[in-house]
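J.: Here you go, one structure.
The values are calculated or read from the model by the stated rules, or taken from the named source; none is laboratory data. All values reported here derive from a predicted model rather than from experimental measurement. All Cβ positions, glycine included, derive from the backbone under ideal geometry; neighbour counts span all protein chains shown.
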Ligand code: DHB
Ligand code: MG
């Protein structure tokens, strides 16, 4: 497995060098992950670019993110929405939000990003209560046990046509175990079942290998 992992890493490095690239702001945000409460949890560069492409392909200009940490994916999303777009990103810890603010500033996108600090479910509730305009694109990448609550909140803040992406749905294959006692795995399996049971949502999941090991994304679209 170690040899496989190193090959995955090399292929990712090749794709990133050839097609993706990271400027100083992105590289700095990745490096500053070490200052957060969860180092090395940010998406890979080629995954960040995927998020950006999905935002642009879906024409999204209003993006909601659950889980900011150092703001690495936030930078990709904020650049993708363009100058007139808006990203709202929900972060539990002020320590992480402070790191993210510096990174967003350096990336030149601080003026189009709102970081809401506190439990993400509470922040999302406040957005609903404030009558926030629907979000076009939602990236769910925070504490995994709360995935079902985050999907419910995301649905309350969306419209037909909105796109939802959920990170870390494979977890080295742990998602297969229906009897898992890992609350993160249970949170993934629960949200996937909720998606399956929701007649408004069309979805698929993809496994990924690469610099982040073996993991994956779920992508869903609200049809109505
Ligand atoms: C974990 C969370 C993430 O968002 C990630 O990308 C990797 C790991 C985790 O909770 O373990
Ligand atoms: Mg993640």
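J.: Look through the stretch 121-145, keep the residues that are touching a residue at least 60 places away in the same chain (Cβ under 8 Å) and within 16 Å of ligand 1 (Cβ to nearest atom), and return whichever of them is farthest from residue 40 (Cα to Cα).
T.: The selected residue is 138.
J.: Go through the stretch 82-100 and count every residue that is in a helix (DSSP H, G or I) and buried (at least 24 other Cβ atoms within 10 Å of the Cβ).
T.: Final tally of qualifying residues: 1.
J.: Taking the stretch 32-49, which residues are within 16 Å of ligand 1 (Cβ to nearest atom), touching a residue at least 24 places away in the same chain (Cβ under 8 Å) and either more than 10 Å from the chain's Cα centre (by Cα) or surrounded by fewer than 19 Cβ atoms within 10 Å (Cβ to Cβ) (or both)?
T.: 32, 33, 36, 37, 38, 41, 44, 45, 46, 49
J.: Condition first: buried (at least 20 other Cβ atoms within 10 Å of the Cβ), under 26 Å from residue 9 (Cβ atoms) and away from ligand 1 (no atom under 14 Å from the Cβ). Now tell me which residues in the stretch 190-218 satisfy that.
T.: Once the filter is applied, which keeps residues that are buried (at least 20 other Cβ atoms within 10 Å of the Cβ), under 26 Å from residue 9 (Cβ atoms) and away from ligand 1 (no atom under 14 Å from the Cβ), the stretch 190-218 yields nothing.
J.: Would you tally the residues in the stretch 167-180 being at negative phi and either within 15 Å of ligand 1 (Cβ to nearest atom) or at pLDDT below 95 (or both)?
T.: Of the residues in the stretch 167-180, 6 are at negative phi and either within 15 Å of ligand 1 (Cβ to nearest atom) or at pLDDT below 95 (or both).
J.: Under 6 Å between Cβ atoms, at least 6 apart or on separate chains: pull out the pairs that start in the stretch 157-182 with a residue that is in contact (Cβ under 8 Å) with a residue 24 or more places away in the chain and end on any residue that is surrounded by fewer than 13 Cβ atoms within 10 Å (Cβ to Cβ).
T.: Sorted first by the residue in the stretch 157-182, then by its partner, the pairs are 160/224; 170/207.
J.: Moving to a separate point now. If you scan the stretch 7-42, which residues turn out to be in a loop (DSSP other than H, G, I, E, B), at pLDDT 95 or above and farther than 20 Å from residue 95 by Cβ?
T.: 22, 23 - these are the residues of the stretch 7-42 that are in a loop (DSSP other than H, G, I, E, B), at pLDDT 95 or above and farther than 20 Å from residue 95 by Cβ.
J.: Please go through the stretch 188-214 and pick out each residue that is assigned to a helix (DSSP H, G or I) and away from ligand 2 (no atom under 14 Å from the Cβ). Working first, answer last.
T.: Residues of the stretch 188-214 that are assigned to a helix (DSSP H, G or I), as a first pass: 188-197.
Within the stretch 188-214, 189, 190, 192, 193, 194, 195, 196, 197 meet the criteria.
J.: Select from the stretch 117-150 the residues that are outside any loop (DSSP other than H, G, I, E, B) and more than 18 Å from residue 168 (Cα to Cα) and list them in ascending order. So that I can check it myself, show each step before the final result.
T.: Filtering the stretch 117-150 for residues outside any loop (DSSP other than H, G, I, E, B) gives 117, 120-129, 137-140, 144-150.
Once the filter is applied, which keeps residues that are outside any loop (DSSP other than H, G, I, E, B) and more than 18 Å from residue 168 (Cα to Cα), the stretch 117-150 yields 117, 121, 122, 123, 124, 125, 126, 127, 128, 129.
J.: Tell me, which residue of the stretch 50-65 that is part of a helix (DSSP H, G or I) and within 16 Å of ligand 1 (Cβ to nearest atom) is surrounded by the most Cβ atoms within 10 Å (Cβ to Cβ)?
T.: Selected residue: 51.
J.: Among the residues of the stretch 102-118, which ones are surrounded by fewer than 22 Cβ atoms within 10 Å (Cβ to Cβ) and within 10 Å of residue 70 (Cβ to Cβ)?
T.: 102
J.: Sticking with this structure for a sec: Would you mind telling me which numbered condition in (1) touching a strand residue (DSSP E or B) at 6+ places or on another chain (Cβ under 7 Å); (2) in contact (Cβ under 8 Å) with a residue 40 or more places away in the chain; (3) more than 23 Å from residue 17 (Cβ to Cβ) residue 86 fails?
T.: So residue 86 meets the others, but not (2).
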